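K.L.:
I have a structure I would like to understand better, so I am pasting it below and will then ask my questions one at a time.
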Amino acid sequence: MSKVDVVLGSFYGDEGKGKIIDYLSQKSDISVRCTGGNNAGHSIEIKGKKFAFHLIPSGILNEGTTAVIGNGVVIDPKVLIEEIKNVEANGYSTSNLRISDKAHVILPYHIEMDKLQEEQRGNEKIGTTCRGIGPAYCDKYERCGIRMGELVNNKFEKQLRKNVETKNKIFESYGHHTLDVDEIIKQYNEYAEFLRKYVTDTVSLLHNAIIEDKKILCEGAQATLLDIDFGSYPYVTSSNPTIGGICTGTGIGAKYIGEVYGVLKAYSSKVGEGPYITEQNNEIGDKIRELGHEYGTTTKRPRRCGWLDLVALKYATMVNGLTGLAINHVDTVGKLDKIKLCVGYKKDGKITMDFSASLDYINECEPIYETFEGNFGDISKIKSREELPENAKKYLNRIEEIVKVPIKFIGTGAGRESMIVC
């Protein structure tokens, strides 16, 4: 590993980043969550038990790894406390958790505003999780947000009263119920008491670790095609889950970054609205969903499922500077008789490998597929790429041939141990 390695989602999220992060964090001194909020979810299965993380970095489960929630994250204290208690209830320590004093706090009015805005969009809803993430980022950039340092140092009441007064006027104008500011202050003072010991200057912490030659793993939330700038706007998240968000969400300079791993599935999936060119809204999509247990970690919503899109993957490679791929659910796609792979788009009668997040562009394209034989059999115990069945090798080789990025990890099952490290 380099001093700082990065794991990012290559498509619409839910690619299985948690599994790769879990493996790499065992070799890391520090595991950092950089962007997003509890609209994201990382799932890890250890000894038959499944853990779902929404805010805490997955590295918390590794003894000796410091888990850092960076300044680019927006934090719902209630959710974070529940997550801390769940980790401890399962026999793991959270004494190695650190939270940035610069991370912004999600408050009840952010959640209510999120719900109200989504209701007002009607048939043009974005598909937000309604957990207050977007409105919290809005307040951050409006410069009226409240940060974790202010929360735990009891310096938030004046700003909170101003914010609640402003938000309540908006709620009243839409006939939405208003909020009791004194009740919020009481509740958030209790949260502050619980979280105070974890909050620190994580920028200094991370830079001191780099000076001491420690290994840092940065874990991305969501994924490339949900990026606020580079995704399928407006059907995106409210932060930058691409490589730039790693730097701004931690304070780590670009020169320290080494490997950048792009995580994907051997098929594709998406939660929420917006374009999805390889979606199979049919029997095949339903079968993939059931075989892959494709239901949201955070929302429990059934995911839209389809074939792997190499045009979009090349785009993710370009935007993030990916140095390696981690492909999960090879076992899942291998249960199908036939597998399709999108190897190009047809637009205006011509074949192209150019991707654009523009809705108009995507709507004018149709996918070009190559078909591969499936039926890989049970590959969960295989530990080297050479041992894989020929059908699996042909499929993986074609992905590398087109994208021109090496596959470094191959997921062969749900468990922590079901993975080939190339």
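No value in this document is a laboratory result; all are computed from the given coordinates. The structure presented is a predicted model; accordingly, all values stated were derived computationally and were not measured. No Cβ is skipped: glycine too gets one built from the backbone with ideal geometry, and neighbour counts run over all protein chains shown.
K.L.:
Return a whole-number percent for the relative contact order of the chain, with Cα pairs under 8 Å and 6 or more residues apart as the contact set.
P.N.:
20
K.L.:
If one computes the Cα centroid of region 167-206 and of region 229-286, what distance in Å separates the two points?
P.N.:
29
K.L.:
Once you have the Cα-Cα distance between I210 and R196, take 0.36 nm times their residue separation minus that, and quote the gain in nm to one decimal.
P.N.:
Going from the current span to full extension adds 2.5 nm.
K.L.:
Of E118, E259, E283, which has the largest mean-square fluctuation in a 10 Å C-alpha GNM of the chain?
P.N.:
E283
K.L.:
Right, something else. Using the Karplus equation 6.51 cos²θ - 1.76 cosθ + 1.60 (θ = phi - 60°), what ³J(HN,Hα) coupling, rounded to whole Hz, does each residue of region 369-376 give in order, writing x for Gly and Pro?
P.N.:
10, 10, 10, 10, 6, x, 6, 6
K.L.:
Return one number: the angle in degrees, 0 to 90 and rounded to the nearest 10, between the long axis of the Cα atoms of helix 181-195 and the longest principal axis of the Cα atoms of the chain.
P.N.:
60
K.L.:
Further, regarding this structure: If you bin every alpha carbon distance in region 104-194 into 5 Å steps from zero, what whole percent lands in each bin?
P.N.:
Result, from short to long distances: 3, 14, 24, 25, 19, 9, 5, 2, 0 percent.
K.L.:
A further question on this structure: Would you mind counting up the charge near G175? Only other residues with Cβ under 14 Å from its Cβ, with Lys and Arg at +1 and Asp and Glu at -1. Please report the intermediate quantities before stating the final value.
P.N.:
Details: positive: K115, K169; negative: E112, E119, E172.
Here the count lands on -1.
K.L.:
Would you mind calculating the gained length between Q120 and K50 on full extension (0.36 nm times residue separation, minus the Cα-Cα distance), in nm to one decimal?
P.N.:
21.6 nm
K.L.:
I170 label point, 7 Å along Cα→Cβ, cut-off 15 Å on backbone N: hits in region 128-147?
P.N.:
Under 15 Å, as judged by backbone N against the label point of I170, lie 130-146 of region 128-147.
K.L.:
Are any of the pairs K49/K383; K50/K408; K125/K167; K85/K270; K140/K287; K78/K314 more than 32 Å apart by Cα-Cα distance, and if so, which?
P.N.:
Beyond 32 Å between Cα atoms: K140/K287; K78/K314.
K.L.:
Another question, then. Starting from the amide H of F51, placed 1.01 Å from N in the peptide plane, find each other amide H under 5 Å away whose residue is 5 or more places distant or on another chain.
P.N.:
Counting only residues 5 or more places away or on other chains, the set is I44, E45, I46.
K.L.:
Moving on to the next point. Apply the Debye scattering formula to region 158-236, with a single equal point scatterer on each alpha-carbon and no solvent, then give log10 I(q)/I(0) at q = 0.20 Å⁻¹.
P.N.:
The Cα Debye sum returns log10 ratios of -0.94.
K.L.:
Please list, in chain and number order, the residues 5+ apart from A103 or on another chain whose amide H is under 5 Å from its amide H, with Hs placed from the backbone.
P.N.:
The answer is M148, G149.
K.L.:
So, one more: Where Rh is the Kirkwood radius over the Cα pairs of region 132-290, the temperature 25 °C and the viscosity 0.890 mPa s, what D in µm²/s does Stokes-Einstein return?
P.N.:
For these conditions, the coefficient is 125 µm²/s.
K.L.:
Does region 29-69 come out rounded, prolate or oblate by the C-alpha gyration tensor, with a ≥ b ≥ c the root eigenvalues, rounded set by a/c under 1.5 and, if not, prolate when a/b is larger than b/c and oblate if not? List each step's numbers first, then the result.
P.N.:
Values: a/c = 3.42, a/b = 1.09, b/c = 3.14.
It comes out oblate by the Cα gyration axes.
K.L.:
If you don't mind, there's one more thing I want to ask. What nm distance separates the two modelled labels at D182 and I351, each placed 7 Å from Cα along Cα→Cβ?
P.N.:
7.2
K.L.:
Show the residues, 5+ positions off or on another chain, whose built amide H is closer than 5 Å to the amide H of S31.
P.N.:
T66, A67, V68, L217
K.L.:
Follow-up question, since we're still on this one. Measure nothing fancy, just the Cα-based angle from helix 108-121's long axis to the longest principal axis of the chain, in degrees from 0 to 90, nearest 10.
P.N.:
Tilt relative to the chain: about 50 degrees.
K.L.:
Rounding to the nearest 10 and keeping the result within 0 to 90°, find how far the Cα-based axis of helix 390-403 lies from the longest principal axis of the chain.
P.N.:
The angle comes out at about 60 degrees.
K.L.:
Give me D for region 364-422 in µm² s⁻¹, whole number, from Stokes-Einstein with Rh from the Kirkwood sum over alpha-carbon pairs, 4 °C and 1.567 mPa s.
P.N.:
Calculated translational D: 101 µm²/s.
K.L.:
Please give the charge dipole size of region 104-194, origin at the Cα centre, charges +1 on K and R Cβ atoms and -1 on D and E Cβ atoms. Round to the nearest 20 debye.
P.N.:
In total the dipole reaches around 320 debye.
K.L.:
What ranking of T250, T224 emerges when the number of other C-beta atoms within 10 Å of each C-beta is taken as an exposure proxy, fewest first? Intermediate values should be presented prior to the final figure.
P.N.:
On the way: T250 25, T224 30.
Taking fewest neighbouring Cβ atoms as first place, the list is T250, T224.
K.L.:
Normalised by the number of residues in region 170-297, what is the relative contact order in percent for Cα pairs under 8 Å and 6+ residues apart?
P.N.:
The normalised contact order for region 170-297 reaches 13 percent.
K.L.:
Evaluate the Kirkwood expression for the hydrodynamic radius of region 264-421, namely the inverse of the mean inverse distance over all pairs of different C-alpha atoms, and round to one decimal in Å.
P.N.:
16.2
K.L.:
Evaluate E = 1/(1 + (r/R0)^6) for V79 and E259, where r is the Cβ-Cβ distance and R0 equals 30 Å; express this FRET efficiency to the nearest 0.05.
P.N.:
Details: r = 30 Å, r/R0 = 1.01.
Efficiency for this residue pair is about 0.50.
K.L.:
Assigning unit charges at the beta carbon (Lys, Arg +1; Asp, Glu -1) and nothing else, what dipole magnitude in debye, to the nearest 20, does region 264-421 show about its Cα centre? Let's see the in-between values first.
P.N.:
Details: 24 positive and 23 negative charges, 80 e Å.
It works out to roughly 380 debye.
K.L.:
Could you tell me what a quarter of the Cα convex hull surface of region 231-281 works out to, in nm² with one decimal place?
P.N.:
That works out to 4.9 nm², a quarter of the Cα hull's surface.
K.L.:
Moving on. Could you please rank F53, F171, F156, placing first whichever residue has the fewest other Cβ atoms within 10 Å of its Cβ? Walk me through the numbers on the way to the answer.
P.N.:
Working: F53 26, F171 18, F156 22.
So the residues, fewest neighbours to most, are F171, F156, F53.
K.L.:
222 nm [θ] for the chain, helices only, -39500 (n - 2.57) per DSSP H run of 4+, per residue, to 500?
P.N.:
Using -39500 (n - 2.57) per qualifying helix, the result is -10000 deg cm²/dmol.
K.L.:
How much length, in nm to one decimal, is gained on full extension between E366 and E283, taken as 0.36 nm per residue of separation minus their Cα-Cα distance?
P.N.:
27.9 nm
K.L.:
While we're here: With just the Cα atoms defining each centre, how far is region 1-79 from region 397-417? Give it in Å.
P.N.:
About 20 Å separates the Cα centre of region 1-79 from the one of region 397-417.
K.L.:
Ok, one more. Reported to two decimal places, what Rg/Rh ratio describes region 27-148 when computed on Cα atoms with Rh from the Kirkwood expression? Walk me through the intermediate numbers first.
P.N.:
On the way: Rg = 15.5 Å, Rh = 15.3 Å.
On the Cα set of region 27-148, Rg over Rh gives 1.02.
K.L.:
Taking the Cα centre of the chain as the origin, how large is its charge dipole in debye, to the nearest 20, when only Lys and Arg (+1) and Asp and Glu (-1) carry charge on their Cβ atoms?
P.N.:
Computed charge dipole of the chain: roughly 560 debye.
K.L.:
Of the DSSP beta bridges with both residues in the chain, give the percent that are antiparallel, rounding to the nearest 5.
P.N.:
40
K.L.:
Report, please, the projected area of the chain averaged over directions, based on the convex hull of its C-alpha atoms, in nm². The partial results should precede the final answer.
P.N.:
Numbers: hull surface 81.2 nm².
Seen from a random direction, the Cα hull of the chain projects 20.3 nm² on average.
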